Amino acid sequence: MDYNRPEIEIPKTPFEKLLELISVLIIFVTFIYIMYVWKDLPENMPMHFNAFGEPDAWGPKASIFMLPVMSTFLFVLLFLLAKIPSTHNFPIKVTEQNAKQLYELSKKMLVIMNFEIVCFFSFATWSTVQVAFGKAGLGSWFLPALIIVLFGTMLYMVIKIVRLRNK
């Protein structure tokens with residue numbers, strides 16, 4: 001790891017601020033939703049889903065909080081990591097000339113992925129409640145969609161970063 005990287009303050013763009021605000025609101029609404037349906041939830045809740053989106057493990061009612069708690073933890077972790085882009089790994093050498101662009105792209109990638117993760121976890125929480133109420137599961141599209149969206153975002157940003165090498 002190159003410890004001589006430039007330390008540059010990269011302010012958040014309005015787009016990044018908006019995504020973070022929406023992410024926080026989604027997390028908040030997810031917890032509110034759980035509290036709203038709490039009294040109607042059965043004592044046993046789906047805890048895990050197979051590749052087809054069908055529940056294959058069940059647990060206590062309180063396990064419904066696991067997804068939004070994990071979402072909150074991941075949000076805070078990625079939020080903090082986005083503040084220190086000089087510590088991120090890059091597929092090209094960080095120089096004085098490209099540091100600002102690399103840090104901006106890396107920060108943007110984390111903010112976007114953070115939003116995507118929050119959305120997927122919130123949807124999974126809602127779907128878990130729906131399954132507990134006897135309705136449809138996550139669906140077979142959920143896991144492929146999650147992988148395509150997250151890796152698609154990473155791939156797009158990594159391509160943009162690698163293209164900086166040629167400039």
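Only residues that are over 17 Å from the mean Cα position of the chain (by Cα) and of a type in the set (Asp, Glu) were counted in region 99-118, giving 1. Pairs are defined by a Cβ separation below 6 Å, a sequence spacing of at least 6 or placement on different chains, a first member in region 37-63 that is in contact (Cβ under 8 Å) with a residue 12 or more places away in the chain, and a second member that is of a type in the set (Ser, Thr, Tyr) and not in a strand (DSSP E or B); the pairs so defined are MET45/SER63; PRO46/THR128; MET47/SER63; PHE52/SER140; GLY53/SER140.
If you filter region 67-98 down to residues that are assigned to a helix (DSSP H, G or I) and over 15 Å from the mean Cα position of the chain (by Cα), you find that the one that is nearest to VAL111 (Cα to Cα) is PRO85.
No lab work stands behind these numbers, since they all come straight from the coordinates. Because the structure is a prediction, the values reported are computed rather than measured. Cβ sites come from the backbone with ideal geometry, for glycine too, and all protein chains shown count toward neighbours.
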